[in-house]
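Structure first, then comments.
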Amino acid sequence: MVRTGNLGLVKQINKYTILNIVRDNKFISRASIAKVASLNKATVSSLVDELISEDYIIESGIGASTGGRRPLMLKFNHKAGSLIGVELGVNYVYTILTDFDANILWEEKHTFDPKTHQDKVINQIITMIKKAMVNAPKTTYGVSGIGIGVPGIVNEQGTIIFAPNLHWDNVSIIPKLKEHFPDVQITVDNEAKLAALGEKWFGAGKEYNNLVYVSAGVGIGAGIIINGQLYSGVEGLAGEIGHMTIEVNGLMCSCGNIGCWEMYASEKAIKKMLQEANNKNGSTLPTTVEDVSVEQLVDMVWNNDEQIKQIFTDVGKYLGVGLINIINTYNPEAIIIGNSIGLAKDWVLKPAKELMKERVLSKTSHYPNISIANLGKKSCVVGATSSILNEILNPLEIK
Ligand SMILES: [Zn+2]
């Protein structure tokens, strides 16, 4: 498609460029905006006035003089509206209400039996959103949107195509929510993709425009950010790197493939290794492997449990194998490891990094910064609100 533009479009581009500059700079004067944006002062002044009248920007004190009159400083009004983020897990719904700066104003988490019918789960989501709305403060824009993260593949229309761990197939959740919230913008996306966005906007990825977020929990998913924007692929499948083959004759995966990465570097892998170690004599490991959490295992490592340490080292090495493939495919500035495996921090990161240094393709090329997610268990819900904030701040994005 050829995209053309008129003067109105140019004005809109300039306006949202200014809004993003103000948000990025915390406090900035009109003259400084003109310099950063390479626009003339009259254009900046008129667009700033428009943004002030819309309450997206507020005047905030007097800045230092650079020769003449001391300038009026501007800042992004993070209290102009509220955002709702929902994370649908395999057995829980976690909902938050935030301002435009990811400050949490209200939150609640409900667990449910994984066998619960999808209609009941969707009703639970609706109930929690209503509760969040009741708790929303009075602001210019009220609740500006609802973002929802789900553990499955989601297409461009927000339909959940396939969520294997929820056993959901082809579920259109947006029309059901629209019956209750007709005037609010609603987006649905994969949990790892939204978590990537959350870390990019408010977490460990703030400084980077090209990053891969690896959600290593029960399985492995990823969110890929290229030039500051989430990459979804043609059908929303991009990021399903947990199912790349790393062992040709390896373990059978629930996806039907053999030797998938997530069979070796996820909670599934840890539990399998635990079971094997348990079957040997003299094990110090928990007897009921199914019930043990990664948090408990991390505690055991801190108490110098050698067997668990070995398991984390092995998982870390396999994590490294997959990360090398990511580096060779995307050449990212940063890789962020989130979800439960991230809780093991250096116990998995150290062996992963050692293996990567040995095997990475070019010793001279850019080596990405590899870190643990900053937002912890909030990466996805904060990312869900960020997806709405992105639409507010970058409505002209050419998709
Ligand atoms: Zn698989």
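The values are calculated or read from the model by the stated rules, or taken from the named source; none is laboratory data. Nothing here was measured: the structure is a model prediction, and the numbers come from that model. Please note: Cβ atoms are built from the backbone with ideal geometry, for glycine as well, and neighbour counts cover all protein chains shown. For accessibility, only protein heavy atoms count, side chains too; no ligands or nucleic acids. Shrake-Rupley method; radii C 1.70, N 1.55, O 1.52, S 1.80 Å.
Of note:
- Cα-centre dipole for region 142-284 with unit charges at Cβ (Lys and Arg positive, Asp and Glu negative), debye to 20: 320
- Rounded to 5, percent antiparallel among DSSP beta bridges of region 95-195: 60
- Length-normalised contact order for region 291-350 - Cα pairs under 8 Å, 6+ apart - percent: 54
- Residue 55 accessible area, assembled protein chains, probe 1.4 Å, Å²: 40
- For residue 78 and residue 66, the difference between the fully extended length at 0.36 nm per residue and the C-alpha to C-alpha distance is 1.6 nm.
- Using a Förster distance of 22 Å, the FRET efficiency for residue 6-residue 37 (Cβ separation, nearest 0.05): 0.65
- Residues in region 246-253 carry Karplus couplings, in order, of 10, 9, 4, 9, x, 6, 6, 9 Hz; the curve used is 6.51 cos²θ - 1.76 cosθ + 1.60 with θ = phi - 60°, and Gly or Pro positions show x.
- When the square roots of the Cα gyration tensor eigenvalues are ordered a ≥ b ≥ c, the ratio a/c for region 1-63 is 1.5 or more and a/b exceeds b/c, which makes its shape prolate.
- Two-site FRET efficiency, residue 185 against residue 101, from Cβ-Cβ distance with R₀ of 22 Å, rounded to 0.05: 0.75
- Antiparallel DSSP beta bridges within region 134-192, percent to nearest 5: 50
- Exposure of residue 130 as accessible area (Å², to 10), given a probe of 1.4 Å and all protein chains: 100
- Taken about its Cα centre, region 108-178 carries a charge dipole of roughly 320 debye when the Cβ of each Lys and Arg holds +1 and the Cβ of each Asp and Glu holds -1.
- Our coupling estimate for region 16-22, obtained by passing each phi through the Karplus curve with A = 6.51, B = -1.76, C = 1.60 and θ = phi - 60°, is 6, 4, 5, 4, 5, 5, 4 Hz, Gly and Pro reported as x.
- Vicinal HN-Hα couplings computed from phi for region 377-382 (Karplus, 6.51 cos²θ - 1.76 cosθ + 1.60; Hz; Gly/Pro x): 6, 9, 3, 6, 5, 5
- With both residues required to sit in the chain, DSSP beta bridges show an antiparallel share near 65%.
- Difference of contour (0.36 nm per residue) and Cα-Cα distance, residue 303 to residue 135: 56.2 nm
- Furthest towards positive pole of dipole, 297, 396, 127, structure part the chain, Cβ charges: 396
- Under-5 Å amide H pairs with residue 142, H placed in peptide plane, nonlocal only: 82
- Taking the 1.4 Å solvent-accessible surface of region 214-356 as the whole, the part contributed by carbon and sulfur is 51%.
- Relative to the Cα centre, the charge distribution of the chain, modelled as +1 at Lys and Arg Cβ and -1 at Asp and Glu Cβ, gives a dipole magnitude of about 1240 debye.
- Flagged links, alpha-carbon separation over 22 Å, of 11/35; 26/193; 115/178; 26/200; 109/378: 26/193; 115/178
- Residue-averaged 222 nm ellipticity for the chain, from DSSP H runs of 4+ at -39500 (n - 2.57), nearest 500: -12500 deg cm²/dmol
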